[in-house]
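Read-outs: derived from the displayed coordinates by stated rules, not from any lab. What you are looking at is a predicted structure, and each value in this text was computed from that prediction instead of being measured. Please note: Cβ atoms are built from the backbone with ideal geometry, for glycine as well, and neighbour counts cover all protein chains shown.
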Amino acid sequence: MPYIRAFPDGGKNTRALWEMMLHVINHGTQYRSPVAMMLTKLGHSPGDMEIL
C-alpha cells in the first residue's frame, strides 16, 4: 500500500507504507532523549522510558 503525497505544484512523492511507518518511529525516538534531558534538568525526571 503506497503513501502518496501531493505537492501544490502538482508533483507527487510516493513511499511504501513501511517506509512511512519507519519514519514515524524514528522521528519519535529522535526527540525522546532531548525532551527527557530537559525534563530532568527542570527537576522532573520522566523515569524509565525504554520501549522494549
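Some points to look at:
- Here the contact order of the chain, divided by its residue count and restricted to Cα pairs under 8 Å and six or more residues apart, works out to 20 percent.
- Reduced Cα scattering model of the range 2-41, Debye log10 I(q)/I(0), q = 0.17, 0.19, 0.24, 0.33 Å⁻¹: -0.60, -0.66, -0.77, -0.97
- Using the Karplus relation 6.51 cos²θ - 1.76 cosθ + 1.60 with θ = phi - 60°, the per-residue 3J(HN,Hα) values for the range 12-18 come to 10, 10, 10, 10, 6, 4, 5 Hz, with x marking Gly and Pro.
- When the chain is described by a simple charge dipole with +1 on each Lys and Arg Cβ and -1 on each Asp and Glu Cβ, the residue from 23, 38, 11 located farthest towards its positive end is 11.
- The chain: calculated mean residue ellipticity at 222 nm from DSSP helix runs of at least 4, using -39500 (n - 2.57): -17000 deg cm²/dmol
- Taking amide H as placed 1.01 Å from N in the peptide plane, residue 3 has its amide H under 5 Å from the amide H of 15, 16, 17, each at least 5 places away in sequence or on another chain.
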